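Here the structure comes first, spelled out in structure tokens, and everything after it is commentary.
None of the figures in this text is laboratory data; all of them are computed from the coordinates on show. Remember, it's a predicted structure, so these values are computed and weren't measured experimentally. Don't worry about glycine lacking a Cβ; one is built from the backbone with ideal geometry, like all the others, and counts go over all protein chains shown.
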Amino acid sequence: MSTREDAGRGAPITSRDQLVRYLEEGSKPAAEWRIGTEHEKFGFHLKTLTPLAYEGQGGIRAVLDGLTRHFGWTPVREGDNVIALKRAPGQPGGNISLEPGGQLELSGAPVANIHETAAEMAEHVAQVKAVGADLDVGFLGLGFSPKWTRAETPRMPKGRYAIMTAYMPKVGSLGLDMMYRSCTVQTNLDFASEADMVKKLRVSLALQPVVAALFANSPLTEGKPNGYLTFRSAVWLDTDRARTGLLPFAFESGMGFERYVDYALDVPMYFVYRGGRYIDASGKSFRDFVAGKLDVMPGERPDLEDWADHLSTLFPEVRLKRFLEMRGADAGSAARVSELPALWVGLLYDSVSLDAAWDLAKDWTPAERQDMRNAVPRTALATPFRRTDLGAIARQVVTIAEAGLKRRAVVDAAGRDERVFLTGLRQMADRGQTAADEVLARFNGPWQGDVSNCFVDLRY
């Protein structure tokens, strides 16, 4: 989730048109399209297999301090607490932030190709492993915490999380599990125009359940199988229906930036950030805020930073900001992080592949898309669809992406194009076996039902 720094107030928003223009200004020519990759992971104490509290020896604060001391990151503070890291001015790279339960997130820099994504990931993993070795701390890539209860999971000292924690139980039964016990990998991609945004949004929304199935990796909860292959995906079905889902309106005539703005305005607020602190505005209307009628801040109007904050609190399967965020995948091993951007770049950044992906999905009905989404958490690639299953659809999707990456023809020093990052995904699709299936096979086989083994076998 986003980390906010106080940069001073901008001009107040007085009209809906300003909100629409904010999104429109994200459009850029294809030569300027970039790839952003975000991923989360669980930190744990190697000796006790317990999660990392914020303070204390080997805590999250110590991890952040170690990254600052050894690798030149710059701390971002909220009050006295370091809650994120950023690169020093002029240095390349993204930022590191904390999720509510101490999950460590790398929000990668916008890069030109998947080779750069993989290099960024390799550098990050080397850094966190070096710091972790000093602190006797390890990191685990799974979509959901395999061992710890919600009560055992620590809470990070970020003001926005306190507000969300109080609000979540009012709108769903699993929102706190989403916050504190889940991890994801996410890809952020650009668009050229409103029409290009709409087409990419529709394709990515329609295919999101297929991708969730391919990346299913959360079959264990509190030490035992939970009955799902991607429990993280199931959690999102009962988090907050006002701000989640497949956005059926995106497939309707007239979809564009204005329609998304109207949707966003109708999603209840969480907070307003002022003077280094978060003001609770949970359940309030951003429309009232624009009109100067927000009761917790009477007479005050938002600026574009407030609008960006509000957009970051919407959680559909694909989120529109000044770029598109693909949000449906479970976290996995360090080696698998680059697979998600490779898949989506192959699908969306090549016009022939984009057309092929739309041809594959354009006649799926809203009911079919939702039924698929509802079933995927339990059955993943085995989910029935029409006269076939999602495994067959996934193989077509991977084939389309491979063709797109081949046409991009971006090669590394060894002459390999970006298709190299789809090799593992192709094998998984062809076998019809997800990472979750592999975890369950280990749990029921060599691990002999002891979840502690996953902290050894699946550690970064």
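Numbers at a glance
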item	result
Exceeding the 31 Å Cα-Cα cut-off - candidates Lys129/Lys170; Lys147/Lys200; Lys158/Lys293	Lys129/Lys170; Lys147/Lys200
Neighbour-count ranking [beta-carbon atoms within 10 angstrom, fewest first] of Val410, Val451, Val456	Val456, Val410, Val451
Summed side-chain charge close to Gly245 - residues other than Gly245 whose Cβ falls under 14 Å, Lys, Arg +1, Asp, Glu -1	+1
Listed residue (Gln433, Ala331, Gly404) projecting farthest to the positive dipole end of the chain, Cβ model	Gln433
Derived scalar couplings ³J(HN,Hα) [region 140-152; Karplus, 6.51 cos²θ - 1.76 cosθ + 1.60; whole Hz; x for Gly, Pro]	10, x, 9, x, 8, 4, x, 10, 7, 6, 4, 5, 7
Within the chain: Cβ-based charge dipole about Cα centre, in debye rounded to nearest 20 (Lys, Arg +1; Asp, Glu -1)	400
Options Leu314, Pro298, Tyr349, ranked by Cα towards positive dipole end of region 257-362, top entry (Cβ charges)	Pro298
